[in-house]
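What follows is a short report on a single structure.
Here, each number is a calculation from the coordinates, and none is a lab measurement. Only a predicted model underlies this, so the values are computations on that prediction, with no experimental measurement involved. Ideal geometry is used to build each Cβ from the backbone, glycine not excepted, and the neighbour counts take in all protein chains shown.
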Amino acid sequence: MKIETDSGANLESVDWTQVDHVLLDMDGTLLDLAFDNDFWGHRIHEKYAAIHRISVDQAVAQFEPLFQRVAGTLSWYSTDFWSQQYGYNITDHSRDYATGIRWLPFAKEFLHALRHRGVRSTIVTNAHPDIVNLKNEVTGITDLVDRTISSHTVGYAKESPKFWIALRADLKFSPKSTLFFDDSPSVLSAAVDFGIERSIAICHPDTTRPKRIHVSSWAIDNFEHLTASLSSKGQR
């Protein structure tokens, strides 16, 4: 079976007997990126603007060069770094909007299906541990996987080859029998370069925005079909 949609999702059904480890991004893969896009794209600037009595547009313009400069590094994802830059506690502020944290369609069911079939699962995220803890408080997400690893504890962002070297040394996974899911093209490219050929793009990470068109060799809109394939008779 081949899955095709107008977003470029093209993943053929998986032979789960050939998979022993699934690596998963958190935001935009398992959890709806709508929360992050709203918070990081608007709420942090809104609060800064209110504190300094400037417009939100002025706040965005002030910080845009810094965001561009640290893109793809740990600083981009660090609540400690941005708390210093904005002059208030970013994690505390994010709690004010925690009701917006929610699962993507079929993501929770997919994790349950992986566990039921005995497939090892690990969340690998660029999110700061403070944000991981907040999202776990709301969703209980870390209880549904074998491990959760933040790139901040590894010392390199997922965009860096050094992240994948360190991750493999820790998890002892085989790239050939591993699936990796993420919504970031740059992270997916880094994983493919490392040798995880089945690095699968998520085409609809934010349910409030249109689906993305991915040119990846492997892509899905959501986990509906893969959850069904895990639950099918004859699978491991």
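Here is the link list: LYS47/LYS135; LYS135/LYS211; LYS108/LYS211; LYS108/LYS158; LYS158/LYS211. Which ones come out longer than 26 Å on Cα distance? Don't skip to the answer; put the middle values down first.
Values: LYS47/LYS135 21 Å; LYS135/LYS211 23 Å; LYS108/LYS211 20 Å; LYS108/LYS158 23 Å; LYS158/LYS211 23 Å.
Correct reply: none exceed it.
For the stretch 35-99, a crude dipole built from +1 on the beta carbon of Lys and Arg and -1 on the beta carbon of Asp and Glu, taken about the Cα centre, is about 140 debye to the nearest 20. Contact order, relative form, for the chain: 32 percent (alpha carbon pairs under 8 Å, 6 or more residues apart, mean separation divided by residue count).
Give me the compactness ratio for the stretch 125-190, meaning the Cα radius of gyration over 2.2 N^0.38 Å.
Numbers: Rg = 12.4 Å, N = 66, 2.2 N^0.38 = 10.8 Å.
Relative to the 2.2 N^0.38 Å estimate, the stretch 125-190 comes out at 1.14.
Peptide packing for 142-152, 21-31 was compared via the average number of neighbouring C-beta atoms within 10 Å per residue; ordered from the highest value, the list is 21-31, 142-152.
Plainly put, the stretch 50-97 has a radius of gyration that is 0.97 times its Kirkwood radius, both from alpha-carbon atoms, as the Rg/Rh ratio.
Could you tell me how many cubic angstrom of Cα convex hull volume the chain has per residue?
117
Hey, got a sec? Which GluC sites (Glu not before Pro) in the stretch 141-224 land in a DSSP loop and have at most 15 other Cβ atoms within 10 Å?
Details: sites: GLU159, GLU197, GLU224; in loops: GLU159, GLU197.
Passing sites in the stretch 141-224 are GLU197.
Separation of the stretch 104-123 and the stretch 9-66, taken as the distance between their Cα centroids, equals 22 angstrom.
The alpha-carbon atoms of the stretch 83-137 define a convex hull whose volume equals 98 cubic angstrom per residue.
State the antiparallel share, in %, of DSSP beta bridges confined to the chain, rounding to the nearest 5.
Taking every DSSP beta bridge within the chain, about 10 percent pair in antiparallel fashion.
A helix-only calculation puts the chain at -11500 deg cm²/dmol for mean residue ellipticity at 222 nm, using -39500 (n - 2.57) for each DSSP H run of at least four residues, averaged over all residues.
Note on the stretch 1-139: Cα-Cα pairs beyond 23 Å make up 46% of the total pair count.
Once both labels are positioned 7 Å from their Cα atoms along Cα-to-Cβ, the gap between SER174 and TRP103 label points is 3.1 nm. For the stretch 65-161, chymotrypsin sites (Phe, Trp or Tyr not before Pro) meeting the loop criterion (DSSP other than H, G, I, E, B) and having at most 16 other Cβ atoms within 10 Å: TYR88, TYR97.
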